[in-house]
Structures are given as C-alpha cells and as structure tokens.
Amino acid sequence: MSDLGIDLKEVLEDIGTSFVIRKHVGNDVSGEYLDYDLNSQVTKPFIREFFLEAVFAYDTEVEAGDLVELSDGRTFLVMNHSPELFEDEISEYSSVLYKTNTTIRVERASGEARDSHSYESTTVWECITSGESVILVEKEFGSSLDRDSWVGQIAIEADMCYISGNVPIEPLDRIIEASDYTGEDSDPWRRVEVVKTFDFDNVQVLHLTEDTRK
C-alpha cells in the first residue's frame, strides 16, 4: 500500500459520505466512505439526476456490479470501477454510479399447464430472482432526452434496463416491477429481448419490449 492511498482514505473518512455495499451474494459491507461529484454533463437533466462520479479508498471492497446505498438512502449501481495508480500502487478507485429507480422480479418460462376445463395452455413462470434494484429507462422518457445523449439514443429504440452482472438473466425472461407483483397495476410487464454484457464491466444492459405472453 502507498502512503498516498492511506492519506486519501483518511480524508474520505473525515469528509466523505458513508455507505453500505449491497453484495448480490454474501453479507453487506459497511464502514467505508466515498466522495462524489455530479457528472460533468450537468446540463442534461437525466444525467444530473442519475449519474455520479465517485472516489473510493484504495482498499475498498466495492466491485463493478455491486450496489452501494448512501447514508441518505439513495442506492446506486457501480457501472465502472477503475484503480488510480501512484508509483505503481493503487491510491484510490474512480467509479461511475447510476442511481437505481425501481425494483424488479425476474421470471423464466419453465413449461406449460393446461386448464382441465377449457383445455387452454398457459405458460408456467418460475421466479429466478426478486427484489433486484435496477435502472429502468422507459421509451417515453428516453425520447425526450437530448439526441446528442447516448442514453437518449438507446432508449428511443426500446425500454432499457441496467442490472448487475451478478443477476442470472437470459433473453425471453420476464421483468416485473415491484408495483406490478400482484398483477393489479396497468403498467406492462416486459420481455427481455437482448442481454448485452460487454458495454460495462459486470453490468448487463437489457433491451425490453412489452410482454403479452400469458
């Protein structure tokens, strides 16, 4: 470890913001501090609201794809997590965080069942995971963004979801928001059309469409 790394960690502990690491598998981790700034593209409302640039200590347990919950209750997905070197030793980590805006359940078709009276077949859905905090960008919201924004461009094409790479998800899975678990809400369920795994380290980008399957 470098003296600079130790000094920077002490500064974070003095003036930084406390947070909890929400690991997908394993125990949560607390006792760390970070410093953050708004993304430099502050003229774009979506980016100002959802993106943060953060600095973590040299020995942080944060990894790309983790969720970090700040002391004010906001939860962010770690999209990028890069070491900063000084004299060939890590002095700190620079990261990009996206604020989560909904919680979802992921379901997968596991077969069919036939009604004994009508003989109609319906799909049997298996819950793969539930309570996952994600960033969901809806088509209507994305189309209102500045067209110079890459976020706006991809959101115009389809609903997008950013989710930890630790979550097992596949094309044709079903995404259901927490408010729709009972099936009483009018918002559409979503079908995963494409799973992109190479845009970010350990973060998946999902292309979604309305799911009309029964």
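The values are calculated or read from the model by the stated rules, or taken from the named source; none is laboratory data. What you see is a predicted model, and the numbers here were worked out from it, not measured in a lab. We place every Cβ from the backbone using ideal geometry, glycine too, and count neighbours over all the protein chains shown.
For residues that are within 18 Å of residue 96 (Cβ to Cβ) and not in a strand (DSSP E or B), scanning just segment 1-38, find the one that is nearest to the chain's Cα centre (by Cα). Of everything passing the filter in segment 1-38, 16 is nearest to the chain's Cα centre (by Cα). Contact map, segment 46-64: residues that are more than 14 Å from residue 19 (Cβ to Cβ) and in the same structural domain as residue 19 (by TED's automatic domain parsing) paired with residues that are modelled with pLDDT under 95 and of a type in the set (Asp, Glu), Cβ distance under 7 Å, separation 6+ or inter-chain. Pairs shown: 53/37; 64/201. Taken over segment 116-148, the criterion of being at pLDDT 70 or above and among the aromatic types (Phe, Trp, Tyr) is satisfied by 125 alone.
So that you can scan it fast, the table gives a plain yes or no per residue for (1) surrounded by fewer than 17 Cβ atoms within 10 Å (Cβ to Cβ); (2) more than 30 Å from residue 38 (Cβ to Cβ); (3) without any contact (Cβ under 8 Å) to a residue 40 or more places away in the chain; (4) among the aliphatic types (A, V, I, L, M):
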residue: 71; (1), (2), (3), (4): yes, no, no, no
residue: 76; (1), (2), (3), (4): no, no, yes, no
residue: 102; (1), (2), (3), (4): yes, no, no, no
residue: 127; (1), (2), (3), (4): yes, yes, yes, no
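Does segment 43-70 hold any residues that are within 19 Å of residue 101 (Cβ to Cβ) and either part of a loop (DSSP other than H, G, I, E, B) or modelled with pLDDT under 95 (or both), and which are they? Outline the logic, then answer.
Restricting attention to segment 43-70, the residues satisfying the condition of being within 19 Å of residue 101 (Cβ to Cβ) are 44-54, 65-70.
Matches in segment 43-70: 44, 45, 46, 47, 48, 49, 50, 51, 52, 53, 65, 66.
State all residues of segment 76-85 that are among the hydroxyl-bearing types (Ser, Thr, Tyr) and either assigned by TED's automatic domain parsing to the domain that holds residue 199 or within 15 Å of residue 166 (Cβ to Cβ) (or both); if no residue qualifies, say none.
Taking segment 76-85 first, the residues among the hydroxyl-bearing types (Ser, Thr, Tyr) are 82.
Matches in segment 76-85: none.
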